[in-house]
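The values are calculated or read from the model by the stated rules, or taken from the named source; none is laboratory data. Fair warning: this is a prediction, and the values are worked out from it, not measured in the lab. As a convention, Cβ positions derive from the backbone with ideal geometry for all residues, glycine included, and neighbour counts pool all protein chains shown.
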Amino acid sequence: MYDVEKVRSDFTALQHGTYLNTGSIGAPADRVRRTYLDAYQEFALHSQDHFHTSFEGHTERIAQLAGFFGADPHEVTACTNASVAINIGVMGRDWQPGDHVVMSNEEHPSGYVPWYSLRDRVGIEITEVPLTNDADDIVAAIEAAMTPKTRMVFLSHVSCRTGLRIPVRPLADMIHQKGALFYLDGAQSAGQFAIDLHAYDCDFYSTSCHKWLHAPISSGLFYVKDAVLDRLKDSWCGPSSQFDFFAFLDGSKTFAQAFNHHAGRFEIGSVDCAKSVGVKAAVDYVNELGLENIAAHVKSLADPLKAELQSIPGVTLLTPTDEALHSNGIVAFTMDGIGAMSFRMRLHEDNKIFLRTIDELNATRASIALFTNQADLDLLLEHVRDTLKG
Ligand SMILES: Cc1ncc(COP(=O)(O)O)c(C=O)c1O
């Protein structure tokens, strides 16, 4: 039995208001925050041996993180956030003018911007595909947009706008059959439900751990499938890029032949070891609660919330209700005649209810997380009704 009130007692941050914005930043549990700060203090106090202690246990913690995502340790690296990870994967390919990329029209700016930068710098071509709330239609629409020049398909696992969850494996099979690579942006999926990257068969996956995994801010992960690892170039390099760094120093300079067969080569330079301690504490916390229990709890709140929103005149629900595209914690909606931003500001400033707007859709987005309770959502619904009444 999932005891949400007990979970809430683990988060002092919840005393400051009603927090419905985990899709942007997830609050860390008190014990995660303390573990992270203690780890940093420990390193800081032993700065005379800082170089060695700062790397201690880091590799083991990344390996554990890889296991959490159904990946092998050498396929995963830590990085600052999903945005940085996307740049590692996108900029590490050898793009040529006329190369074609397919993405949806529901990507986050961190997904769009690197591609449009490549369009302007290199001359790649981009097709944005509108997504519908039907799994078969999504696969068919992406397939129809692909051409013989399509080299990569880039899609959010869970849309940051509507919460739509795409059918990953059917997409991966179709994309590979057509000879392209598949980048899955998991910023909104990691921590919401179990992820099995080998079973998904995507070529790249990345996320920010500071959202639904409730890890310390500025912690991310980049995954590249073993079979693709050696085809990914290092747009930034350092000692970790090298198979044999000391041979390089000795003068062999065989750099190009010696890329490490390990995603850790993308984490160049000194690492923030305290951060990986904090991420481990967050993953341990989520594992203790159980991803299935968290997902069931979130669904038990999200389904009635969606139904309730749909019953309010003037509200349009943007989030799919279809089970196959079940979106877990993201619920987005518009209100006739109401500016989403002013609604958000009022909730925020007058009522200490924190959520996000999707400005391009004039929509409000609420995130239901592992600590959300019915009272949080009742409060939101009350404000939606009152606002529409005028
Ligand atoms: C789908 C998606 N991708 C990427 C990002 C970027 O995440 P970050 O700002 O943590 O790098 C976000 C952030 O909300 C997102 O929703």
**OP:** With respect to Met146, determine if the residue is at pLDDT 95 or above, more than 16 Å from the ligand (Cβ to nearest atom) and on the phi < 0 side of the Ramachandran plot.
**Re:** yes
**OP:** Name, by its number, the condition in (1) free of Cβ contacts under 8 Å to residues at least 40 places away in the same chain; (2) in contact with a helix residue (DSSP H, G or I) (Cβ under 7 Å, 6 or more places away or on another chain); (3) within 21 Å of Ala190 (Cα to Cα) that does not hold for Ala324.
**Re:** (1)
Subject >> Meets criteria (surrounded by fewer than 18 Cβ atoms within 10 Å (Cβ to Cβ), without any contact (Cβ under 8 Å) to a residue 12 or more places away in the chain and small (Gly, Ala, Ser)) for Ala140 >> reply: yes
Original post:
So how many residues does region 108-125 have that are in contact (Cβ under 8 Å) with a residue 24 or more places away in the chain, in a helix (DSSP H, G or I) and more than 16 Å from the ligand (Cβ to nearest atom)?
Top reply: 2
Subject >> Residue check, Arg151 outside the structural domain of Gly329 (by TED's automatic domain parsing), within 16 Å of the ligand (Cβ to nearest atom), under 26 Å from Ala199 (Cα atoms) and basic (Lys, Arg) >> reply: no
Original post:
From Arg93, Arg61, Arg31, which residue is in contact (Cβ under 8 Å) with a residue 40 or more places away in the chain, within 16 Å of Ser219 (Cα to Cα) and among the basic types (Lys, Arg)?
Top reply: Arg61
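For the condition modelled with pLDDT of 95 or more and more than 15 Å from Ala263 (Cβ to Cβ), what is the one hit in Asn81, Asn87? I'd like the intermediate steps shown before the answer.
Working: Asn87 fails: more than 15 Å from Ala263 (Cβ to Cβ).
It is Asn81.
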Original post:
In region 316-372, which residue that is among the basic types (Lys, Arg) and assigned to a strand (DSSP E or B) is nearest to Lys299 (Cα to Cα)?
Top reply: Arg365
**OP:** Please enumerate the residues belonging to region 1-28 that are farther than 25 Å from Ala82 by Cα, in a loop (DSSP other than H, G, I, E, B) and touching a residue at least 24 places away in the same chain (Cβ under 8 Å).
**Re:** Tyr2, Asp10, Gly17
Original post:
With Ala66, Ala85 as the choices, which residue is buried (at least 16 other Cβ atoms within 10 Å of the Cβ) and away from the ligand (no atom under 16 Å from the Cβ)?
Top reply: Ala66
